[in-house]
């Protein structure tokens, strides 16, 4: 599990808005701003960040659901962004995505078996093989075979997410992107779906990119975690290290803000100035909210290794006081 | 945090509240005999999953339940006055002045066509003797008090010019403008980022200290409950199944549903990539609730009696009640609190 399945280099996506003839001022949102990372075969890389951090855009870029402004992404050794639609097709079978909203991502007019049949189409199976495959898919996501003739609205949110997972697994992908797969679900159902994803990863030897805003959920699911803030990766480390030894001030404030379900735990801390949200400044992206910032932070820090396998984009990564 | 202040009497008591929805398919007992009390300066957390009746309980306290929903019985006492006996006009006087409410989505609860001074001044002019000029000055002061920078300028901003966190601050300013005795906060931070959430909750705690407002906090987030509430009520399928001082609820829950919820949350201090203990199955269809205990179909401890008879909220001492015939002992899988603290 040492070789990367996915390699991303300097990936950038800028969205332009305004500047039309009605006279709005043009502006550029640097949704993803020059990020590089790898997902190793068989591992789960967690991508965590708050709204606007660019985590979902990153997932969509990898599947070419949006086109990048610049940068490269490799699947094994194949560069993705230079491929034509027909060249991309075989790769789409290897890379699948599960979305947050199982309501919006399943066609309400199709039965479960038709939804799955559509997913199976690229495999070119016979009718009998398809039926057997639908039965198998329902079984592995914990639904009953008798569910196949029902419509999405007849299912609960958790069951719909299972259908979404079955649909993604139909083509036997190697790489699964899960974009906030449990954030619309209640706690007890969330646990069921997380367990299912863990089990499927083992059973099918999946490589995963697990995108979510909830650090506790991401940590539960991931081998390594990349923390994003305003389009940049500010820290990457093994899951345990992110929690025990965060080396970026943003990761620290994220950890400190999570309310712990234990009345004896230290209460969540508030750090930043509320007026300073998402203000983009030159230099370090987190500078305007950072309590450790100095003049040096006007220079953008590079994402560099601070200990083996642990990268941080902070000038003071090595001198931050321990938590 | 103090566990139980010996306050004289509750500011708000909800007694045997039943709010049912009369749908084409049948009657949904969304809130089905709920008793809750909120004391001055304290926060009562109401937790549960979607459809458990927690939001309808909050709306009922404000008498804002829309048809086909209807409060069918019970009492909602603001100090000694039963709000359910008031006329709509009298009730309007209570809303805003005695009872404030904030909702999950601050974008939809602020009218996009009006600057933020409008809802603030409207509340002040309706419930106080202030002049327009005084109300404007007070609006500016309130925006400052909820941590909005540059309030003289921001008072003229429109909702879309503010971030989600800022809009929720405006809603808090509106809700607290007339210093209500009770604030009902329905998922007040669910739509916000976790760092903003921490700021908003710290703000609510500070304001509560200042004003002594009693808060009824409705949430699905057990972490928020642990940090912000003195007392917690857990709801399931329209009923309160357990209620206790916060520490008791987290350390010694006796209802299998509460126990299951606590175990199902992924924790930063547990080993990653291990299966989480889950609650099997799902919430029952409210039109076809099981006989006896409504949780029994998902309960690992269910016995014959659970099908036959609905368990009452049994007193366990120290303000702890739990509606279970078995009342199993609890142990969370080994855990430490925030390791670095």
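The values are calculated or read from the model by the stated rules, or taken from the named source; none is laboratory data. Only a predicted model underlies this, so the values are computations on that prediction, with no experimental measurement involved. Cβ coordinates were reconstructed from backbone atoms using ideal geometry, including for glycine residues, and neighbour counts include every protein chain displayed.
Take the conditions buried (at least 23 other Cβ atoms within 10 Å of the Cβ) and modelled with pLDDT of 95 or more and apply them to residue B:13. Does it pass? Judged against the criteria, residue B:13 is not a match. Filtering the stretch B:60-111 to residues that are free of Cβ contacts under 8 Å to residues at least 60 places away in the same chain and assigned to a helix (DSSP H, G or I) leaves B:60, B:83, B:84, B:85, B:88, B:89, B:90, B:91, B:92, B:93, B:94, B:108.
Tell me, which residue of the stretch B:201-217 that is over 15 Å from the mean Cα position of the chain (by Cα) and within 12 Å of chain A (Cβ to nearest Cβ) is farthest from residue B:141 (Cα to Cα)? Across the stretch B:201-217, the extreme among qualifying residues is B:202. With respect to the conditions (1) surrounded by 18 or more Cβ atoms within 10 Å (Cβ to Cβ); (2) part of a helix (DSSP H, G or I); (3) touching a residue at least 40 places away in the same chain (Cβ under 8 Å), residue A:153 falls short on a single one, namely (1).
One line per residue, one yes/no per condition, for (1) modelled with pLDDT of 90 or more; (2) in a helix (DSSP H, G or I):
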| residue | (1), (2) |
| --- | --- |
| B:174 | yes, yes |
| B:183 | yes, no |
| B:191 | no, no |
| B:201 | yes, yes |
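Exactly one residue out of B:196, B:234 is without any contact (Cβ under 8 Å) to a residue 40 or more places away in the chain and crowded, with 24+ Cβ neighbours inside 10 Å, and it is B:196.
If only residues of the stretch B:318-341 that are in contact with a strand residue (DSSP E or B) (Cβ under 6 Å, 6 or more places away or on another chain) and not in a strand (DSSP E or B) are counted, the one that is modelled with the lowest pLDDT is B:319. Does residue B:181 satisfy the condition of being surrounded by fewer than 23 Cβ atoms within 10 Å (Cβ to Cβ), in contact with a strand residue (DSSP E or B) (Cβ under 7 Å, 6 or more places away or on another chain), within 22 Å of residue B:98 (Cα to Cα) and more than 10 Å from every other protein chain (Cβ to nearest Cβ)? Criteria met by residue B:181.
Being in contact with a helix residue (DSSP H, G or I) (Cβ under 7 Å, 6 or more places away or on another chain), touching a residue at least 12 places away in the same chain (Cβ under 8 Å) and crowded, with 20+ Cβ neighbours inside 10 Å: is that true of residue A:141 here? Here the answer is yes, as residue A:141 does meet what is asked.
Select from the stretch B:239-254 the residues that are part of a loop (DSSP other than H, G, I, E, B) and more than 20 Å from the chain's Cα centre (by Cα) and write down the one among them that is nearest to the other protein chains (Cβ to nearest Cβ).
Filtering first and then ranking leaves B:252.
For residue B:315, work out the one condition from (1) at pLDDT 95 or above; (2) surrounded by 12 or more Cβ atoms within 10 Å (Cβ to Cβ) it doesn't fulfil. Every listed condition holds for residue B:315 apart from (2). Considering every residue within the stretch A:88-107, establish whether at least one is more than 24 Å from the chain's Cα centre (by Cα) and farther than 27 Å from residue A:212 by Cα. So far as the stretch A:88-107 goes, no, none of its residues is more than 24 Å from the chain's Cα centre (by Cα) and farther than 27 Å from residue A:212 by Cα.
The residues of the stretch B:145-158 that are assigned to a helix (DSSP H, G or I), touching a helix residue (DSSP H, G or I) at 6+ places or on another chain (Cβ under 9 Å) and at pLDDT 90 or above, listed by number, are B:151, B:152, B:154.
Within the stretch A:204-235, the set of residues being out of contact with any helix residue (DSSP H, G or I) (no Cβ under 8 Å at 6 or more places or on another chain) and farther than 23 Å from residue A:268 by Cα comprises A:205, A:207, A:231, A:232, A:233.
Are any of the residues in the stretch B:278-287 more than 24 Å from residue B:221 (Cα to Cα) and more than 14 Å from chain A (Cβ to nearest Cβ)? Yes, that holds for at least one residue. Flag: residue B:290 does not match the condition of being in contact with a helix residue (DSSP H, G or I) (Cβ under 6 Å, 6 or more places away or on another chain) and facing chain A (nearest Cβ under 8 Å). Taken over the stretch B:280-297, residues that are more than 20 Å from residue B:24 (Cβ to Cβ) and either touching a strand residue (DSSP E or B) at 6+ places or on another chain (Cβ under 7 Å) or assigned to a helix (DSSP H, G or I) (or both) amount to 4.
Scanning the stretch B:112-131 for residues that are exposed (fewer than 14 other Cβ atoms within 10 Å of the Cβ) and in contact with a helix residue (DSSP H, G or I) (Cβ under 7 Å, 6 or more places away or on another chain) yields a single hit, B:112. When the stretch A:270-293 is filtered for residues that are at pLDDT 75 or above, farther than 15 Å from residue A:30 by Cβ and in a loop (DSSP other than H, G, I, E, B), the ones remaining, listed by number, are A:290, A:291, A:292, A:293.
Condition first: within 12 Å of chain B (Cβ to nearest Cβ) and surrounded by fewer than 16 Cβ atoms within 10 Å (Cβ to Cβ). Can you find one or more residues in the stretch A:167-177 that meet it? No; the residues of the stretch A:167-177 include none that is within 12 Å of chain B (Cβ to nearest Cβ) and surrounded by fewer than 16 Cβ atoms within 10 Å (Cβ to Cβ). Quick one: is residue A:91 surrounded by 15 or more Cβ atoms within 10 Å (Cβ to Cβ), at pLDDT below 95 and over 30 Å from residue A:191 (Cβ atoms)? Answer is yes for this residue. Quick check: anything in the stretch B:264-277 more than 14 Å from chain A (Cβ to nearest Cβ), touching a helix residue (DSSP H, G or I) at 6+ places or on another chain (Cβ under 8 Å) and either modelled with pLDDT of 95 or more or not in a helix (DSSP H, G or I) (or both)? No, the stretch B:264-277 has no match at all.
Look at (1) surrounded by fewer than 20 Cβ atoms within 10 Å (Cβ to Cβ); (2) within 23 Å of the chain's Cα centre (by Cα); (3) modelled with pLDDT of 95 or more; (4) closer than 18 Å to residue B:237 by Cα and you find that residue B:292 fails only one, number (2).
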